[in-house]
Each structure stands twice: as C-alpha cells, then as structure tokens.
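See below for the structure under consideration.
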Amino acid sequence: HFTGPIDAVANLTQLSYLDLNVNNFNGPIDAVANLTQLTYLSLGSNNFDGLIDAVANLIQLAGLSLSSNNFNGRIDFFRDLPELYFLDVSSNAFNGGVSAFGSAHLANLSFFNASSNLLSGHVLLFA
C-alpha cells in the first residue's frame, strides 16, 4: 500500500487514466486539477479529505470514483462534467442537497452512488 499525499501526480498532465484505489493516500486531492486529460479517476478506499473542487477542472472525465474517503462539502461539482457516465461518491462526509443539476448537464450519467453521506433535501437529478 502506498501512503502520503498525491502531489507527485500534478506533473502527469497527459495522463488519461488514474486508479489509486485501496491504498493509504491522504490529504487533499488538489494535485489532480492539472490532469485535464483524465477520462477516468478512481481514488476510492484511501484517506483523502477536504473539498474536491479540483475535480471540476476535469471536464473530460467519464468515470469518477471517490468512494470510502473523508471528503466533505457539497457534491454539485459534477454538474460541469458533461462526459460523466459513472459517479461514485459513497461513504464520505458530503453534505447539502443534490438538486442543482439539469438533465442537459447529466445526459450521459448512467451510474450514481451517493450512499452513506450526510446529504439532505430532495434528489432532483433530472429536473
């Protein structure tokens, strides 16, 4: 198992697929903001924490798994990811609602898992 922050990936700007599942990485994921060529990002089952604003820059993402970490804040970042078809943000500490998403933004989304979080309100994904 690898440990520590993932700052070293910031220079891998041509990377299209990154899977760091089931390790012991920790800290924020700000380093992924530079990886604008990513189509798949999987950071599940680590000890990452904080906000995930860095992911909003990754507009080519089709698959995103952030499950089983310690992320927090709102999950409305994904409304700006038009290619996204797979999204798993389960088992974190995300809060707020899931309502600011129109169907035009999520036309490709076929899998969405936000279980085991601190979400509240109505789920209006396809309003």
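The values are calculated or read from the model by the stated rules, or taken from the named source; none is laboratory data. Computed from a predicted structure; not experimentally measured. Counting neighbours? That spans all protein chains shown, and the Cβs are built from the backbone with ideal geometry, glycine included. Accessible surface areas use protein heavy atoms only, side chains included; no ligands, DNA or RNA. Shrake-Rupley method; radii C 1.70, N 1.55, O 1.52, S 1.80 Å.
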Using 7 Å Cα-to-Cβ label points, what is the Gln37/Thr3 separation (nm, one decimal)? 3.2
Rounded percent of accessible protein surface that carbon and sulfur make up, segment 1-103, 1.4 Å probe: 48
Rounded to whole Å², per residue accessible area for segment 30-108 with a 1.4 Å probe reads 37
Spacing of the two label points (7 Å from each Cα toward its C-beta) at Ser116 and Asn24, in nm: 2.0
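Restricting to Cα atoms and excluding each atom paired with itself, what does the Kirkwood estimate give for the chain in Å?
Details: mean 1/r = 0.0689 Å⁻¹.
After inverting the pairwise mean of 1/r, the radius is 14.5 Å.
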Using a basic spin-label model with each label point 7 Å from the Cα along Cα→Cβ, how many nm lie between Asn108 and Asp80? 1.7
Highest mean packing first, using Cβ neighbours within 10 angstrom, the peptides 12-18, 91-97 sort as 91-97, 12-18
